[in-house]
1. Each residue of the range 224-235 in order: what ³J(HN,Hα) in whole Hz does its phi give by Karplus 6.51 cos²θ - 1.76 cosθ + 1.60, θ = phi - 60°, with x for Gly and Pro?
2. Enter the angle in degrees (range 0 to 90, nearest 10) between the Cα long axis of helix 246-264 and the first principal axis of the Cα atoms of the chain, meaning the one along which they spread out most.
3. Taking amide H positions as placed 1.01 Å from N in the peptide plane, with prolines and chain starts having none, which residues 5 or more places from Lys154, or on another chain, fall under 5 Å of its amide H?
4. When the Cα centres of the range 132-165 and the range 58-81 are compared, how far apart do they sit, in Å?
5. Give the dimensionless ratio obtained when the Cα radius of gyration of the range 246-404 is divided by 2.2 N^0.38 Å.
6. Give me the Kirkwood hydrodynamic radius of the chain in Å, from all C-alpha pairs, to one decimal place?
7. About the Cα centre, and with charges only on the beta carbon of Lys, Arg (+1) and Asp, Glu (-1), how big is the dipole of the range 246-404? Nearest 20 debye, please.
8. Can you tell which of Ala116, Ala128, Ala340 shows the greatest fluctuation in a Gaussian network model of the chain with Cα springs below 10 Å?
Amino acid sequence: MRNAQKAISYFRPRAIDHRRFFGRVEEVLEARWFTNGGKMVRELEHEVARIHGVRHCVLVCNATIGLQLVLKALDLEGEIITTPFTFVATAHAIMWQRLIPVFCDIDPDRLTISPAHIEELVTPHTSAILGVHVFGQFCDVEAIGRIARKHRLKVIYDAAHSFMTSYKGTPVGHFGDAEVLSFHGTKLFHTFEGGAVLTDNAELAARLRLLKNFGFNGLDNVQYIGTNAKMNEVSAAYGLSLLPAMPRTIARLRRIHELYRAGLGAVAGIRLFELSREVRGNGQYLPVFVQRDFGISRDQLWARLWSRGVQTRRYFYPGAHLCEPYRSDMPWFKDLLPVARQVTETILCLPCYYDLSDQEVARVCQAVAEAGQDGARIKKWYKSLLRSSFGAPGMAPLVQALRRGPDS
Ligand SMILES: Cc1ncc(COP(=O)(O)O)c(C=O)c1O
């Protein structure tokens, strides 16, 4: 019976009014201006800057390249202190600029880079701190600002998860030297692929505009080693069509959070990750901690939920420092980051998106609660699953085994 139920996806982008989008695409086609700072890109830059009350928004083709451009525009050298608890793109952007990521442990409550640990890692070679506002939580921006001033470091925030969030009433975009949003198709607000650098620094914004367009300043005047990091007009048109839906989307996500809080509140061993009180989040992620008293491990719960048609993600397992090339080239970080290790082994992101129904949230909560009561059987099944499926090439055998579940 249970396999007859429709699987619950981990994420689905919300549907938009197609006509609004197609109307804008028609405008693009009629204008025959497809990229290079056309009308749609300029309008979206204006809107994103206005929403966040920030002076400059520079749209780019994705957040990873956006981070690279900022690192380059700031002329950084040597070591960049960053977090392991992030999508690997953060560390890769540093390496791509031939800089050295120095992984810093995270704060156990915020899950963002720990200021106390940053202080221990600063050396004469450090040129910047790259924090990540993970899951829309803000880094400890005040403490990081103090450390940066003391040691004359630049500060960049990877704000891939933070569209329309704020800290103590100040929207994302005003912290550090620059903050970088992701508009990837799996994000709350997206342009299929895309991103934006937000900054109040006019000089930095001007440099970023050169960098994202091959270094061109005017028609024939190349001033800098640039790249091609521009967003195209159709992507921007999509963003403009999606933008009006954001307030309702965020309101629905907040409601989904309430439903999860109610549904999981009484489940022993499951604790929802909560943003700091000063943070206004966008509700995009719903991480929970699978604690010891739940009876089974995070990985066992993850496997069990997949077998029940509930897709979840182990963000950000195993941590950027344990991805290649960092795992091999910097093996010492494995033992230096106890909080990150504990968090990456116990956190699980549950489905959370606009189209998720109340009934589906209830189904996820029920599946979690049942898993906690079925520990012995799940442990046995998981052991056999490890023996038979993990290590096999590709995801297919694992997914098949997960679907079969402990009852088969
Ligand atoms: C924390 C973080 N940083 C950077 C990125 C990369 O964003 P993009 O896909 O736009 O390059 C992601 C994407 O998921 C992310 O989660």
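Just so you know, all these numbers are worked out from the coordinates, no wet-lab data involved. Keep in mind it's a predicted model, so treat the numbers as computed, not measured. Here the Cβ positions follow ideal geometry from the backbone for every residue, glycine too, while neighbour counts run over all protein chains shown.
1. So the Karplus estimates, Gly and Pro as x, are 7, 6, x, 9, 10, 10, 7, 8, 8, 5, 5, 4 Hz.
2. 30 degrees
3. When sequence neighbours closer than 5 places are left aside, the close amide H contacts are Ala128, Ile129.
4. That distance is 14 Å.
5. In units of the globular-protein estimate, the range 246-404 measures up at 1.11.
6. 22.4 Å
7. 340 debye
8. Judging by the Gaussian network model, the answer is Ala116.
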